[in-house]
Amino acid sequence: MKLTAMDLFSGCGGLTSGLKSAGFAVVAAVEVDRKAQATYAANHPEVMLYGRDIKSLDPLAIASECGIGVGQLDLIAGCPPCQGFSRLRTRNKAVSVEDDRNNLVSEFLRFVSVLLPKTVMMENVPSLMADDRFDSIMKSLEVLGYKCSATVVDASDYGVPQRRKRMIMLGSRVHSPVWVKPALKRKTVREAISSLEAPSRSKDRLHSLPERRSEAVKQLIALIPKNGGSRGDLPPERQLACHRRSNGFKDVYGRMAWDDVSPTITSGCHNPSKGRFLHPSRNRTITLREAAILQGFPKRYKFDVSHGKEAIALMIGNALPPPLIKAHAASLKEGLIQV
């Protein structure tokens, strides 16, 4: 029998994908965004998906519908929305900005305190660790009997072909969680996406969604040196006027490097003005399928292209990388089966 898990703030299903790969049966998930719900349901139809504001949900009712009693669930995992704690929003400001979504971390604690799962896992931005609310949650979990530990990891150390710093918190009331050792070798952009066929020949609609660029932008992209080059490699007269005036955001209009991991995949991953999202050797940005693969999703993960590029890019950028989740969930599972 597989161990059971619940996915809070599930998004399009990256966390659930990682949990399932680690051997957990995800029995319930919570997600309020409708397009993310549709994507989640298309890929995880067996999971009971609750598409309402988590604050309106009764944890005991959900557990009852899943046939699970208090204390029986093996794992509650989740990533409360973290936009208010993100580095860009807090630059030159306090640790967090005022954002109602920040308070959703308390909903994670509410579900745990009611259902008392054997283990817990929370993923979030590193800056959450410096917030008083996180310290309060850790203390509350300890009062409930959980041994907890939190650290910042890089997803590229756990099979994700992407540089992505994230906070992971592990807790257990039945054993002492053990941290996973980083892999000896990182997966590169070449290993992840070089075997994909050209978008123009692909039957994968996510991979073949067309780009719309002005001629000036197309010409600029073509000038960026292949395999890791950036706009900074160009003489001033070849750069856009806005780029000549700016001394920051140097990854804008930059190319990925074949034999390195990709930069952090964000919701702007389809736009060269948002970061280093140009293909290593083709004169285009990475496709949304390539972005999903660099985020760690399986190559056949389903996304409905009718949702539009912006919505899909937001889902991919906000998702939890499945291999990162798999590695740490597998560590919790190892401890559970030994109890």
Take segment 285-308 and flag every residue that is crowded, with 17+ Cβ neighbours inside 10 Å, in contact with a helix residue (DSSP H, G or I) (Cβ under 7 Å, 6 or more places away or on another chain) and among the charged types (D, E, K, R). E290
Given (1) touching a residue at least 24 places away in the same chain (Cβ under 8 Å); (2) within 26 Å of A29 (Cα to Cα); (3) more than 17 Å from the chain's Cα centre (by Cα), number of the condition I193 does not satisfy: (2)
Condition check for G317: small (G, A, S) and part of a loop (DSSP other than H, G, I, E, B): no
So in segment 75-117, with the set limited to residues that are among the polar types (S, T, N, Q) and at pLDDT 90 or above, which one is nearest to F9 (Cα to Cα)? S106
In segment 131-182, how many residues are of a type in the set (G, A, S), in contact with a Ser or Thr (Cβ under 9 Å, 6 or more places away or on another chain) and in a loop (DSSP other than H, G, I, E, B)? 1
Which ones in segment 1-40 are surrounded by fewer than 18 Cβ atoms within 10 Å (Cβ to Cβ) and in contact with a strand residue (DSSP E or B) (Cβ under 8 Å, 6 or more places away or on another chain)? K2, G23, A25
Subset of segment 41-82 (residues that are part of a helix (DSSP H, G or I) and either over 28 Å from D131 (Cβ atoms) or touching a residue at least 40 places away in the same chain (Cβ under 8 Å) (or both)): A41, A42, N43, I54, K55, P59, L60, A61, I62, A63, S64, E65
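The values are calculated or read from the model by the stated rules, or taken from the named source; none is laboratory data. The structure presented is a predicted model; accordingly, all values stated were derived computationally and were not measured. Neighbour counts are summed over all protein chains in view; Cβ atoms, including those assigned to glycine, are modelled from backbone coordinates with ideal geometry.
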